[in-house]
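Here is the structure we will look at.
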Amino acid sequence: MNRDMRALVPGVSFRVTAWETGKDVRAFLRGRGFSRRLVRQLAEMGGVRVDGRPWTPGGRPLVLASGQRVEVVFPLPPERRVEPVSRPVTVAYEDADVLVVDKLPGLLVHPLPWERGDSLLSRVYAYLLSTRGPAWYPHLVHRLDRPTSGLVLVALHPWAKYALSRALVAGRVRRVYAALLAGDLPADAGTIEEGICRREDSLLVREVHPQGRPTKMSFRVVWRCGRATWVRAILGSGRTHQIRVHFSSLGHPVLGDSLYGGGDKGGENRLVLEDLRGEGSGTRTSESFRIALHAEILRFPDLRGRGEHAVVSPVPGDLRTLWEEICGTGSMPGEGST
């Protein structure tokens, strides 16, 4: 952990460039990715300094010159929304503004009103308390479904949350998933833009619907064996259960996904996982299995102008084992190439 990451409180420092000369402080910070509301809140709490002197809005605008330093310190959040849980968390990438953590399948990303115990957010909070101190608090930039594993982007202060959320909407955060699908998906690649909405008779289940919220997902086949298909899916939007709903709508649900893979809607490829596992290999297991969906690759912009970060979480061994049980041993797909 470097010196900046050991700071007692989260903050950021900017040097005014020549092309920013003539801007007032508010416009300067807006240009650096701060929301109007956040600039106002920080200034009112004494969190903005110019060359070491506090800046407050009101009166004549403070016009900046090239070379001046603008510092922002983020205060403690007004309330803690989760309790820390000291359990293991895998950190795949870390800097002064963000963490990328590798979520286990079955772990909630954040607590629910009826389930307030362990979650990824609770574990990350405990990690920050132990490594950085009480001024640090995690903010989720996006989420993963409970049965899905893989990479989650976590902002470490309000500016990072706002800037990365905007980058996500603008398509500058790239999320690539590995998915094992039931059956032989006909197309080698494609894009799905069907709208998704909540099904009328359920608070949880989503479905493809002409009046649903706009979506976009592209995919390409990595490997196929006739009985199952290994794909990489790239999200262009982030609707609840999007990958699961879209592939189910094609008649090729994600393996292990009882919510979208069972019953008549699955057609000839409806999921009966016990029949898929071990068939032809002489092996079977009674262990319950998570869904075969893994957030494999995450690309996102560096908030301090140092280019782009690319983080890869190798497809877990249990998914590779499942593939071999269904399709047999032999050649396996490569990793991290999208």
Discussion item. I'd like the full set of residues that are in a loop (DSSP other than H, G, I, E, B) and surrounded by fewer than 19 Cβ atoms within 10 Å (Cβ to Cβ), limited to the stretch 215-233.
Written reply: K216, C225, G226, R227
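Does the stretch 193-201 include one or more residues that are buried (at least 20 other Cβ atoms within 10 Å of the Cβ), touching a helix residue (DSSP H, G or I) at 6+ places or on another chain (Cβ under 9 Å), over 19 Å from K103 (Cβ atoms) and not aliphatic (A, V, I, L, M)?
We begin by selecting, within the stretch 193-201, every residue buried (at least 20 other Cβ atoms within 10 Å of the Cβ); these are 196.
Within this subset, residues satisfying the condition of being touching a helix residue (DSSP H, G or I) at 6+ places or on another chain (Cβ under 9 Å) are 196.
So of that shortlist, the ones also over 19 Å from K103 (Cβ atoms) come out as 196.
When the remaining residues are screened for being not aliphatic (A, V, I, L, M), the result is none.
No, every residue in the stretch 193-201 fails to be buried (at least 20 other Cβ atoms within 10 Å of the Cβ), touching a helix residue (DSSP H, G or I) at 6+ places or on another chain (Cβ under 9 Å), over 19 Å from K103 (Cβ atoms) and not aliphatic (A, V, I, L, M).
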Item to complete: Give G212, G183, G150 a once-over and let me know the one that is farther than 25 Å from L112 by Cβ and touching a strand residue (DSSP E or B) at 6+ places or on another chain (Cβ under 9 Å).
Response: G183
Worksheet, complete the sentence: For the stretch 308-326, pairs from a residue that is in a strand (DSSP E or B) to a residue that is modelled with pLDDT under 90 and open to solvent by less than 50 Å² (accessible area, probe 1.4 Å), with Cβ under 6 Å and 6 or more apart or across chains, are V312/G336
Practice prompt. Go through the stretch 247-259 and give me each residue that's within 21 Å of P214 (Cα to Cα) and either open to solvent by 50 Å² or more (accessible area, probe 1.4 Å) or at pLDDT below 85 (or both).
Written response: S249, L250
Discussion item. Looking at R299, R244, R284 in this structure, which one is open to solvent by 30 Å² or more (accessible area, probe 1.4 Å), at pLDDT 50 or above and either in a loop (DSSP other than H, G, I, E, B) or not hydrophobic (A, V, I, L, M, F, W, C) (or both)?
Written reply: R299
Item to complete: Hey, can you tell me all the residues within the stretch 31-55 that are polar (S, T, N, Q) and either open to solvent by 70 Å² or more (accessible area, probe 1.4 Å) or farther than 17 Å from A155 by Cβ (or both)?
Response: Q41
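The values are calculated or read from the model by the stated rules, or taken from the named source; none is laboratory data. Quantities reported herein were computed from a predicted structural model and do not represent experimental measurements. FYI the Cβ positions are ideal-geometry reconstructions off the backbone, even for glycines, and counts take in every protein chain you see. For the accessible areas, the whole protein counts, side chains as well, though only heavy atoms, and no ligand, DNA or RNA atoms are used. Shrake-Rupley method; radii C 1.70, N 1.55, O 1.52, S 1.80 Å.
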